[in-house]
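Presented below is the structure to which this report refers.
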Amino acid sequence: MTVDPATSKYQFDQGGETYHFCSAGCQGKFASAPEQYLQTAMKLQQPVISEGTNYTCPMHPQIRQA
């Protein structure tokens, strides 16, 4: 969900970063276990690359590398 920091009433500071929430309930859940939510977010951002994956240059499709 996207929350506008300019209008968000619910905030929580963690590790020097301010997080904004849509409701007091979401803020409370995050505040009770921020590591759990931050680790989940980190896992979602890291792509899973299978061994043996070949990469193709989008400008030169004939060029492929492991």
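The values are calculated or read from the model by the stated rules, or taken from the named source; none is laboratory data. For clarity, every value in this text was computed on a predicted model and none was experimentally measured. Cβ coordinates were reconstructed from backbone atoms using ideal geometry, including for glycine residues, and neighbour counts include every protein chain displayed. We work out accessible area using only protein heavy atoms, side chains counted, and drop any ligands, DNA or RNA first. Shrake-Rupley method; radii C 1.70, N 1.55, O 1.52, S 1.80 Å.
V3 exposes around 40 Å² of accessible area when a 1.4 Å probe is run over every protein chain in place.
For Y37, the solvent-accessible surface computed with a 1.4 Å probe is close to 90 Å², ligands and nucleic acids excluded. Using alpha carbons only, the radius of gyration of the chain set against its Kirkwood radius gives Rg/Rh = 1.26. Taking the chain as a Gaussian network of alpha-carbon nodes connected by springs under 10 Å, the highest mean-square fluctuation of the residues S50, S32, S23 belongs to S50.
Heavy-atom accessible area for T56, with the other protein chains in place and a 1.4 Å probe, reaches approximately 70 Å².
Quickly estimate the mean residue ellipticity at 222 nm for the chain, helices only: each DSSP H run with n ≥ 4 gives -39500 (n - 2.57), and the total goes over all residues, rounded to 500. Helix contribution divided over all residues of the chain: -9500 deg cm²/dmol.
Taken per residue, the accessible surface of the chain reaches 87 Å², heavy atoms only and a 1.4 Å probe.
The listed residues I49, I63, once ranked by accessible area (1.4 Å probe) with the largest placed first, stand as I49, I63.
The phi torsions of the range 2-7, fed into the Karplus equation with coefficients 6.51, -1.76 and 1.60 and a -60° offset, translate into couplings of 9, 10, 7, x, 5, 10 Hz, rounded to whole numbers, with Gly and Pro shown as x. Of D4, D13, the order by accessible heavy-atom surface (1.4 Å probe, DNA, RNA and ligands excluded), from most exposed downward, is D13, D4. Using R0 = 35 Å, the C-beta based FRET efficiency linking Y55 and Q14 works out to 0.45. If I take R0 = 30 Å and measure r between the Cβ atoms of L38 and R64 in this structure, what FRET efficiency does the formula 1/(1 + (r/R0)^6) give, to the nearest 0.05? Once rounded, the FRET efficiency stands at 0.25. Across the range 9-24, coupling constants 3J(HN,Hα) worked out from phi with the 6.51/-1.76/1.60 Karplus curve, θ = phi - 60°, read 8, 10, 9, 8, 9, 9, x, x, 10, 9, 10, 10, 10, 7, 8, 5 Hz, and Gly and Pro carry x.
The angle between the Cα long axis of helix 34-45 and the longest principal axis of the Cα atoms of the chain comes to about 20 degrees, rounded to the nearest 10.
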